[in-house]
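Here's the structure, in structure tokens; my notes come after.
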Ligand code: SF4
């Protein structure tokens, strides 16, 4: 709480400490993960989300497996060694089996690490995907305020979300989670608890990003809790790095949507983040996957601009998938 409340020159010192820690532990290279938003079909109605089931104005799509494979095959040439398959949460036995077969094909036909981000599932489904070759899973808990979580997620409760993360960890999958910054009703105490929960879950990757109200959701028009002090989004990131020194922390796209000049993701990579996630979804579908408005990259290929961004930052790009540091540490301890 004390760190989250610093101001002025102390903030600059906090950013500097986070950047130094990132450099000392994670190194200078920026790790890349290519995101493929393969389906915007979702059965849930999370109150902040632009692709929620209740949003009837959306063109729903699911990419063909061959099209996803074609994107995956092209990724190594772009310097991308991890594919992140992301979609809405739409569980069905046949769809989950099909996803397993797709993971196995990607592992067979490409050198990529495979990350899934498709929501809550039973432990047996996660185990099946792991056996198919899934390396990592991303599932954000969004907030530690259980009452706020319940208000925002009519289809899920906080305990079930945490249980999913624990199942994944027990199965030996590398686990990513994280939270939204500035949800309406959030306090600085909640933000501190969010950061501490990331530490307690001992996550391999932590994604955080500003809450941005989507006009076609129940939270339309709601202000970010830090609207009067948007720098808090970077303060949160820098404190997160201090409490999770060994975790991969992406500069999430929502930072670019809030901070335009200099771009928010550039700043995030100087204030604790070490991962950049270019969106490699085929361009014709990027518009149909707007979790929040103002998402960058809708008018062009996100991966086309990251090289320029890295040279602006003076940082090299990592030449491998960047597996969890815990695995390295375990082998050398
Ligand atoms: S946040 Fe995820 S689960 Fe919730 S409505 Fe959006 S896509 Fe569906």
Legend entry - Residues of region 75-113 classified as free of Cβ contacts under 8 Å to residues at least 60 places away in the same chain, assigned to a helix (DSSP H, G or I) and within 26 Å of residue 51 (Cβ to Cβ), total: 13
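Here is a yes/no grid of residues against (1) buried (at least 21 other Cβ atoms within 10 Å of the Cβ); (2) touching a strand residue (DSSP E or B) at 6+ places or on another chain (Cβ under 7 Å); (3) modelled with pLDDT of 95 or more:
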{"residue": "80", "(1), (2), (3)": "yes, yes, no"}
{"residue": "84", "(1), (2), (3)": "yes, yes, yes"}
{"residue": "101", "(1), (2), (3)": "no, no, yes"}
{"residue": "108", "(1), (2), (3)": "no, no, yes"}
Inset, instruction - Report, ordered by the first and then the second residue, all pairs with beta carbons closer than 6 Å, sequence separation of six or more or different chains, a first member in region 126-152 that is more than 16 Å from residue 33 (Cβ to Cβ), and a second member that is at pLDDT below 95. - result: 148/185
Inset, instruction - Would you mention how many residues in region 185-204 are surrounded by 15 or more Cβ atoms within 10 Å (Cβ to Cβ) and not in a helix (DSSP H, G or I)? - result: 3
Inset, instruction - Go through (1) surrounded by 18 or more Cβ atoms within 10 Å (Cβ to Cβ); (2) at pLDDT 95 or above; (3) within 12 Å of the ligand (Cβ to nearest atom) one by one and return the number of the condition residue 26 breaks. - result: (3)
Legend entry - Where residue 58 falls short, out of the listed (1) farther than 30 Å from residue 307 by Cβ; (2) modelled with pLDDT of 95 or more; (3) buried (at least 17 other Cβ atoms within 10 Å of the Cβ): (2)
Legend entry - Filter pass, residue 12 being modelled with pLDDT of 95 or more and either in contact with a helix residue (DSSP H, G or I) (Cβ under 7 Å, 6 or more places away or on another chain) or on the phi < 0 side of the Ramachandran plot (or both): yes
Legend entry - Out of 51, 68, 35, sole residue that is in contact with a helix residue (DSSP H, G or I) (Cβ under 7 Å, 6 or more places away or on another chain) and either under 21 Å from residue 277 (Cα atoms) or buried (at least 21 other Cβ atoms within 10 Å of the Cβ) (or both): 68
Inset, instruction - Scan region 105-116 and give yes if some residue there is in contact with a helix residue (DSSP H, G or I) (Cβ under 9 Å, 6 or more places away or on another chain) and within 28 Å of residue 148 (Cα to Cα), otherwise no. - result: yes
Inset, instruction - Among the residues of region 1-29, write down those that are part of a helix (DSSP H, G or I) and free of Cβ contacts under 8 Å to residues at least 24 places away in the same chain. - result: 9, 10, 12, 13, 16, 20, 23, 24
Legend entry - Test result for residue 43, within 16 Å of the ligand (Cβ to nearest atom), without any contact (Cβ under 8 Å) to a residue 40 or more places away in the chain and either at negative phi or part of a helix (DSSP H, G or I) (or both): no
Inset, instruction - Return yes or no: is residue 182 on the phi > 0 side of the Ramachandran plot, buried (at least 18 other Cβ atoms within 10 Å of the Cβ) and in contact with a strand residue (DSSP E or B) (Cβ under 8 Å, 6 or more places away or on another chain)? - result: yes
Legend entry - Failed criterion for residue 35 (all others in (1) assigned to a loop (DSSP other than H, G, I, E, B); (2) in contact (Cβ under 8 Å) with a residue 12 or more places away in the chain; (3) within 15 Å of the ligand (Cβ to nearest atom) hold): (1)
Legend entry - region 111-130, subset over 15 Å from residue 172 (Cα atoms) and more than 14 Å from the chain's Cα centre (by Cα), residue farthest from the ligand (Cβ to nearest atom): 111
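The values are calculated or read from the model by the stated rules, or taken from the named source; none is laboratory data. In this text the structure is predicted, and so the values were computed from the model without any measurement. Every residue, glycine among them, receives a Cβ derived from its backbone with ideal geometry; neighbour counts consider all protein chains shown.
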